[in-house]
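All remarks here apply to the structure that follows.
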Amino acid sequence: MTNSYQKRVAYFYDVEIGSFYYAPKHPMKPHRIAITHNLVLGYELYKQMEIYTPKRSSKEEMQMFHSKNYVNFLQSILSTNQDQFLEQQSNYNVGEDCPIFENMFEWFQISSGGSIQGAVKLNHNLADISINWAGGLHHAKKSRASGFCYINDIVLAILELLKFFPRVLYIDIDIHHGDGVEEAFYTTDRVMTCSFHKYGYNFFPGTGNLQDVGFDEGKYYSVNFPLLNGITNEKYFKYFKLTIDKILEIYQPSAIVLQCGADSLYGDRLGSFNLDIKGHGGCVKYIRDKNLPLLVLGGGGYTPKNVAKCWTHETGILVGKNNLENELPETIYSNYFQKSSQLYTLDSKTDFKDQNTRRSLENNYQKICENLRLIKGAPSIQMKVIPNEIILQDSTKENIELDQDKHPDRRMTSFLRNNIKQPFNEFEEDPLFKKEFSLLNTETKINRYSGLLNEKSFKQKYIIRDEKPENLEKYEKEMIQNEKYSNFLCTNTNDNIDISSPQSSSSTTNIFKKRRTNNMSNLNVKIFN
């Protein structure tokens with residue numbers, strides 16, 4: 001793993017995510033993810049991540065956890081034919097909190113597909129952190145929708161991680177208990193679930209008691225930290241840190257899944273905690289700094305402005321930018337944020353009294369520690385054949401060979417779109433880029449230029465000139481004597497170097513290595529269209 005400020009981050013986003021709509025006055029708004037994405041772009045966080053369009057999950061992938069009849073029902077029911085499924089709607093709890101809406105199965109595919117693909121990236125060591133803000137739907141059960149959740153993307157992602165990692169820790173900082181995930185892994189020691197949530201006063205879903213610790217082989221591998229209204233940043237983070245440290249010490253997970261439900265922020269439409277954005281993000285930073293493979297997911301959050309700000313801040317944390325500019329950047333949603341244009345200021349109408357005493361919090365922590373001490377070391381697993389895995393879109397030989405130049409009659413596939421790498425100056429204006437580039441020192445120019453030579457998709461022509469180097473005459477003689485370099489000597493000429501061929505690419509790189517050894521301090525590289 002790289003250090004905490006140089007992690008490889010894979011970010012999953014589907015451009016159609018903002019078009020899904022549950023129902024009028026329904027608190028769940030998928031459009032909050034589109035708002036988040038625009039703020040991520042506005043803060044230019046995309047430059048520190050690889051952005052992917054997730055492969056939409058299939059029925060077969062969903063059935064790795066959910067029952068076949070339930071998945072078939074979700075695919076079949078529409079707003080136009082729901083009268084034909086009245087009995088099934090009652091059985092599967094679909095129709096009220098979990099309404100039927102247009103293209104809903106496509107929403108399930110996108111949400112779960114991003115989480116599964118994020119897990120696959122971690123499995124193959126193609127990323128240190130995977131982010132899917134469309135995921136985190138932690139209430140869905142095997143054959144039942146619950147709490148606005150239909151398909152449990154978290155369980156599907158963890159099942160994928162278990163193909164490569166012996167132990168997975170699931171952490172939930174949503175104000176609601178992560179009951180669907182806990183239930184799925186209640187009898188196994190290969191997944192430890194840890195949830196910090198509000199409990200009592202008939203608060204949904206009504207589970208997550210301190211005494212709910214698991215069953216059979218999974219006994220003591222379910223950790224619940226119940227909380228009351230109004231908990232503050234200081235108390236929340238203190239016991240979050242203590243509990244997670246104790247779990248890491250005893251359980252020693254191989255990977256972590258973090259559900260970042262933003263309804264634990266103050267001012268949330270359905271929440272009653274007093275966490276602010278930096279308090280919520282502090283938990284994300286603490287987990288990131290543990291340097292374990294990390295899958296970060298969304299979840300609850302029913303005040304869209306607050307959710308977008310929170311997840312933007314946490315995206316910054318995950319790429320190593322812990323403090324973003326407080327003033328929001330210009331985006332297509334600038335008018336939407338007109339009355340709250342500062343990142344760290346939340347929309348809030350209610351401030352709840354803190355009902356969590358130091359004594360009650362300490363008692364909860366001590367009871368959790370007692371349960372964890374009953375675990376006799378980190379559980380191990382017998383080596384077995386790895387189950388069939390979800391194949392990466394870009395890992396098959398057929399996809400690798402499917403190149404536009406070889407097959408000009410074929411359309412651009414999602415694989416090719418996702419693997420067109422961005423040159424470092426793609427979003428720069430050419431005149432400004434030339435000016436900035438000319439001011440760089442020689443070493444930086446050499447490093448940045450050499451990096452460009454490896455980008456096959458970057459088809460520009462380059463002219464290399466030396467402007468009055470002190471040893472010009474000696475340098476020219478050395479270049480002419482070496483036949484390998486003579487074809488690329490372009491001083492005071494208009495010859496172009498085409499870097500699209502492998503031969504010219506490697507030769508040009510050698511020129512820069514040669515010049516570096518000659519300490520030619522006045523080297524300039526000029527780029528033209």
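Some points to look at:
- Selection of first residues in the range 112-136 that are on the phi > 0 side of the Ramachandran plot and of second residues that are small (Gly, Ala, Ser), restricted to Cβ pairs under 6 Å at least 6 apart or on distinct chains, gives the following pairs, ordered by first then second residue: Gly136/Gly298; Gly136/Gly299.
- The range 192-202 - residue that is of a type in the set (Ser, Thr, Tyr) and open to solvent by 20 Å² or more (accessible area, probe 1.4 Å) and, of those, nearest to Lys246 (Cα to Cα): Tyr199
- Subset tally (residues that are within 23 Å of the chain's Cα centre (by Cα) and open to solvent by 10 Å² or more (accessible area, probe 1.4 Å)) for the range 254-267: 1
- Count of the range 156-180 residues which are outside any helix (DSSP H, G or I), among the charged types (D, E, K, R) and open to solvent by 10 Å² or more (accessible area, probe 1.4 Å): 2
- Qualifying residue in the range 285-306 (condition: over 24 Å from the mean Cα position of the chain (by Cα) and open to solvent by less than 10 Å² (accessible area, probe 1.4 Å)): no
- Selection status of Asp189, touching a residue at least 60 places away in the same chain (Cβ under 8 Å), within 30 Å of Ser58 (Cα to Cα), charged (D, E, K, R) and open to solvent by 30 Å² or more (accessible area, probe 1.4 Å): yes
- Only one entry of Glu87, Glu61 meets the criterion of being surrounded by 18 or more Cβ atoms within 10 Å (Cβ to Cβ) and charged (D, E, K, R), and that entry is Glu61.
- Residues that are more than 24 Å from Val120 (Cβ to Cβ) and in a strand (DSSP E or B) do not occur anywhere in the range 181-191.
- Subset of the range 203-223 (residues that are out of contact with any Phe, Trp or Tyr (no Cβ under 8 Å at 6 or more places or on another chain), surrounded by 15 or more Cβ atoms within 10 Å (Cβ to Cβ) and not in a loop (DSSP other than H, G, I, E, B)): Val223
- Odd one out for Ser57, checked against (1) assigned to a helix (DSSP H, G or I); (2) hydroxyl-bearing (Ser, Thr, Tyr); (3) at pLDDT 95 or above: (1)
- Positions within the range 1-22 being part of a loop (DSSP other than H, G, I, E, B), modelled with pLDDT of 95 or more and open to solvent by less than 50 Å² (accessible area, probe 1.4 Å), in sequence order: Tyr13, Asp14, Phe20, Tyr22
- Enumeration of residues in the range 224-253 that are open to solvent by less than 30 Å² (accessible area, probe 1.4 Å), polar (S, T, N, Q) and either assigned to a loop (DSSP other than H, G, I, E, B) or within 27 Å of Asn123 (Cα to Cα) (or both): Asn229, Thr243
- Filter result for Ala184 (at pLDDT 95 or above, open to solvent by less than 10 Å² (accessible area, probe 1.4 Å) and of a type outside the set (S, T, N, Q)): no
The values are calculated or read from the model by the stated rules, or taken from the named source; none is laboratory data. Since the model is a prediction, treat every value here as computed from it, not as a measurement. Cβ atoms come from the backbone with ideal geometry, glycine included; neighbour counts cover every protein chain shown. Surface accessibility is based on the protein's heavy atoms, side chains included, excluding ligands, DNA and RNA. Shrake-Rupley method; radii C 1.70, N 1.55, O 1.52, S 1.80 Å.
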